[in-house]
Every structure is written in C-alpha cells, then in structure tokens.
C-alpha cells in the first residue's frame, strides 16, 4: 500500500448524509480503534481529524527523505504466541487483527540506570526479579510480595478508588532508590502526575512493561497505522482528514451538532472524543476559559533528540534496547525550572529489537527528557531555534553518560542527520494543553462528561500506552457506543 495515499484519503460520503450513529473526534490510536469496533457492529461512524495523518501522539513525519517515528519507542504489553487473556490478545481479538499483521519483534534487553546501580529487564519477568535480588538483596521478598499483589489487582475496574501508588509501593519496598528505579520507566511511559501515579495506572504500567514487555514492528509505528487503516477500510467506517471539530453545539444536556473547521455541521447520536478532557470541554464550555493556564490541565512534557547514524548502534557498543536513566540522589519526575531537565530521561535504540536476520537500514539514537512547556512556548522564533541548537548536544551528552563510551568525533562522523522536537511541537500537532503528552493528571475512567451523549476515550480516559489507547477506544465504544452503559465483549 502506498503510505501517503492511505493516510490522506478522506473516505468521505457525499454531503447528502450528515447524521452518524457515532462521531469520533481525533484519529489517534483510540479514535481509530473505537471506529473500527463500532463499525464491526453496523454503526454508522465517522472520525474527524484536524491533521492530515492519523496516529495522534504516535505517528510519523517525513523530513529530508527520511521517516521519523513520533511517540513510539516500543509497544508495551507484548506477550509471545499462545498466551491468552492479556491486553494485547484482547485488542487483537476485538479489532480482528492477527499477530502476523502486527509483526511484533520483542526487545533484546533494557536497563534502569541510577548512580552506582542498575536493574536489567527483558520480556521475561524473572530477569528483573534476579536483577533486584542482586542489586537489592534485602528488598527481594518485598518486591516479590509487590508483584504478587499486582498480579491480583484489577487495574481496569472503572470504580476502583483513587490511591497513591507511591504510598502503596512503600508498604512493600523500604529502599527509596529501588522505589524510584521501579517508578522511573512507568512514569516516563505513562504518568501525567508529578512524582506519583494513581495505583491503577501504576498497575497498568507495571504489568505492561515488567510482566509483559516491549516489542516493535520492524517498520515502527507506520506498521501499526497501516494495520489500523486496513481494518478501518474493511469495517466501512468513514474518516475526514484535515477536518477537525471546532465547536460542539449543545442544549446544555446533549450534543446536538458538531460544527466542523470548514463551517459545515453534522449530527450524531453519540460523540466520542479522544482529544483530552479539557480540550473537549473547550469545544462546548460557555463562559469558561480552557487554555494552558487551566488548573486542571496537565503540565508534563518532553523534548526528544534524534541522531540518525550511518551504522548500527551495536557497532558503537550500544546493544541495549531502552535505557531509563537518572543521575540524581532522588528521581524527580516534575516540570523542570529550566527549558530541559537532563538529569533523567530515556534512551531508545529502535535497531535493538529481535528482528531476526533483518536490520534497519540506518541506526537510530533517540533521547527523551522532561521539559518546561511555558518556557519553550514563550520563546520568539529565532530564539526558539537557537535554544534547540543549544540543547540538542546537552541532551545527547546527558544520555551518553549511561552508555558505553563513544568519543564526540566518532559520534559526529557516524551521524548522518539529526532532529529534535519540543513541548511546542507536541502542542502544535496534538492540541494537548501545555504539550502534555499524557494529558491531565486526573482521568475519567468511565469516559463520561457533563453532556449525556459525549464521552472521552484515549489519553484522559486513563488506559496507557499504544495498546492501552486502542483498548480505551474499544472499551468506551463497547460501553457507550454499543450498549448504552453496559459492557460488551465478543
């Protein structure tokens, strides 16, 4: 399939029919999955997307002849064939996706690196357990009890009470460094809260990363998008690209119309929004200012630097898949005072998954660090570009402290291209307030809003990661689009 053709086609009906059973705002992973699920049951559904490519937070862009993944470092929740009942298996079943279609390749080996201590993990939980036993021998019994507690915990219950994950984990692990090391990957890959997580979200991420694991299609996020587009077309759902929703017309109780960017209006019996809780409220709130300064808005955002190499990272001694690093006495997951906080972050080598005999044509080094949206957003354009140029080597250098050494001249000689995105980039292409990658801190697990026929899915519903986003779309489609509030399975 020609990727650009597939991504840009509108699948629009003629203007004669403008009423839908379900209208979906946003063609991210959650919105696309919801549409496919609803269309499978005969619902007339349309997805409205302001941009020209689907995927939302997990998409790609082309620059100077190369395609760069956005968002996706790895898909979580990976399990090998034959294991049933896991989120990935449920997702594939409900969207009618085969394992072969996703072409998922497991990670090789990842690490959490703190000053003087590291934990290694793979897609085999026993590796992490052994690493904890070796690095923190006095904590292994508590770690095992924590794992046992989480195995029995129902993290997807919509009525689960809010609890601090930090407080619960402290009941099992007395060493603050080990606690920080366990939290570091989970927060970087899913937490909208500074320095803590709701227990159910901690459980989601612990299971998806440590009990299950990381994987990646050989073609990266483009493969996932292609599979979703194929299922989307087969389902008969419609989508309108470069046609967002600018206002939700309502009577104070229900959405009565969706006013589109082109000035036309459509109607729908049910509306699912995947753009965020506050961002959705901004489409219909009267007399309320919904912007970056809103007290309920998320604040956590990132920068990411990308080095494209003319060799495989392993040729430079970089053989791990993902490294989560922190060089402070305590791990501080919060909005930094400066433009970037290089003390902690994530290093990803997309080459270092188990692709068998295949190899990516070029090498990739991606480094992600916490960043301050307000400071990036306030910069004049010329200053903005200068600051990106200033911070790129600083971010890369911060990460390289936790990798086998490669001198600056060698890295420069092996680097074929570079790029960098900031919180300003995130805001531009997702619409998330403050460029907050994981949305608002408080999630709406049942998806309900002030309007009876308007529901949330995706980032602010509360399921996490690419698999979680798609399951959120499916879950909310089942609960609100198909069953009037009752759960639906097949």
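For the range 209-220, name all the residues that are part of a helix (DSSP H, G or I) and either more than 19 Å from residue 33 (Cβ to Cβ) or in the same structural domain as residue 129 (by TED's automatic domain parsing) (or both). Quick ask: steps written out before the conclusion?
Going through the range 209-220, the residues part of a helix (DSSP H, G or I) turn out to be 209-212.
Scanning the range 209-220 gives 209, 210, 211.
Let me spell it out: the conditions are (1) within 14 Å of residue 422 (Cα to Cα); (2) surrounded by fewer than 23 Cβ atoms within 10 Å (Cβ to Cβ), and residue 376 meets all of them except one. Which number is the exception?
(2)
Would you call residue 178 farther than 19 Å from residue 464 by Cβ and crowded, with 17+ Cβ neighbours inside 10 Å? Don't jump to the end; show me each part of the working.
Working: farther than 19 Å from residue 464 by Cβ: yes; crowded, with 17+ Cβ neighbours inside 10 Å: yes.
Yes: the conditions hold for residue 178.
Which one of these is in a helix (DSSP H, G or I) and over 16 Å from residue 467 (Cβ atoms): 126, 157, 162? Before you say what the answer is, go through the steps one by one.
Numbers: 157 fails: in a helix (DSSP H, G or I); 162 fails: in a helix (DSSP H, G or I).
Unique residue meeting the criteria: 126.
Residues in the range 276-291: is at least one in contact with a strand residue (DSSP E or B) (Cβ under 8 Å, 6 or more places away or on another chain), over 14 Å from residue 433 (Cα atoms), without any contact (Cβ under 8 Å) to a residue 40 or more places away in the chain and surrounded by fewer than 22 Cβ atoms within 10 Å (Cβ to Cβ)?
Looking for residues that are in contact with a strand residue (DSSP E or B) (Cβ under 8 Å, 6 or more places away or on another chain), over 14 Å from residue 433 (Cα atoms), without any contact (Cβ under 8 Å) to a residue 40 or more places away in the chain and surrounded by fewer than 22 Cβ atoms within 10 Å (Cβ to Cβ), one finds none in the range 276-291, hence no.
Need the failing condition index for residue 128 against (1) surrounded by fewer than 19 Cβ atoms within 10 Å (Cβ to Cβ); (2) in the same structural domain as residue 188 (by TED's automatic domain parsing); (3) within 26 Å of residue 355 (Cβ to Cβ), just the number.
(1)
Listed here are the residues, each with its yes/no results for (1) outside any loop (DSSP other than H, G, I, E, B); (2) buried (at least 20 other Cβ atoms within 10 Å of the Cβ); (3) free of Cβ contacts under 8 Å to residues at least 24 places away in the same chain.
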| residue | (1), (2), (3) |
| --- | --- |
| 186 | yes, yes, yes |
| 202 | yes, yes, no |
| 233 | yes, no, no |
| 246 | yes, no, no |
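Among residues belonging to the range 73-103 that are closer than 30 Å to residue 304 by Cβ and without any contact (Cβ under 8 Å) to a residue 24 or more places away in the chain, point out the one that is surrounded by the fewest Cβ atoms within 10 Å (Cβ to Cβ).
Residue satisfying both the conditions and the ranking: 99.
Only one residue in 439, 465, 431, 435 is touching a helix residue (DSSP H, G or I) at 6+ places or on another chain (Cβ under 9 Å) and under 23 Å from residue 46 (Cα atoms), so which one is that? Before the answer, list the steps.
Details: 439 fails: under 23 Å from residue 46 (Cα atoms); 465 fails: under 23 Å from residue 46 (Cα atoms); 435 fails: under 23 Å from residue 46 (Cα atoms).
Selected residue: 431, the only one of 439, 465, 431, 435 that is touching a helix residue (DSSP H, G or I) at 6+ places or on another chain (Cβ under 9 Å) and under 23 Å from residue 46 (Cα atoms).
Scan 268, 337, 285 and give me the residue that is within 30 Å of residue 245 (Cβ to Cβ) and either within 22 Å of the chain's Cα centre (by Cα) or outside any strand (DSSP E or B) (or both). Talk me through it step by step, then tell me what you get.
On the way: 268 fails: either within 22 Å of the chain's Cα centre (by Cα) or outside any strand (DSSP E or B) (or both); 337 fails: within 30 Å of residue 245 (Cβ to Cβ).
Result of the check over 268, 337, 285: 285.
Among the helices (runs of 4 or more DSSP H) contained in the range 379-477, which hold 3 or more residues that are farther than 19 Å from residue 63 by Cβ and either touching a residue at least 12 places away in the same chain (Cβ under 8 Å) or not assigned by TED's automatic domain parsing to the domain that holds residue 159 (or both)? Can you show your working first?
Numbers: elements: 381-400, 408-414, 423-430, 465-476.
Once the helices (runs of 4 or more DSSP H) in the range 379-477 are filtered for at least 3 residues that are farther than 19 Å from residue 63 by Cβ and either touching a residue at least 12 places away in the same chain (Cβ under 8 Å) or not assigned by TED's automatic domain parsing to the domain that holds residue 159 (or both), what remains is 381-400, 408-414, 465-476.
Against the definition (free of Cβ contacts under 8 Å to residues at least 40 places away in the same chain and either touching a strand residue (DSSP E or B) at 6+ places or on another chain (Cβ under 6 Å) or in the same structural domain as residue 370 (by TED's automatic domain parsing) (or both)), how does residue 162 come out, yes or no?
Spelling it out, residue 162 is indeed free of Cβ contacts under 8 Å to residues at least 40 places away in the same chain and either touching a strand residue (DSSP E or B) at 6+ places or on another chain (Cβ under 6 Å) or in the same structural domain as residue 370 (by TED's automatic domain parsing) (or both).
The values are calculated or read from the model by the stated rules, or taken from the named source; none is laboratory data. In this text the structure is predicted, and so the values were computed from the model without any measurement. As a convention, Cβ positions derive from the backbone with ideal geometry for all residues, glycine included, and neighbour counts pool all protein chains shown.
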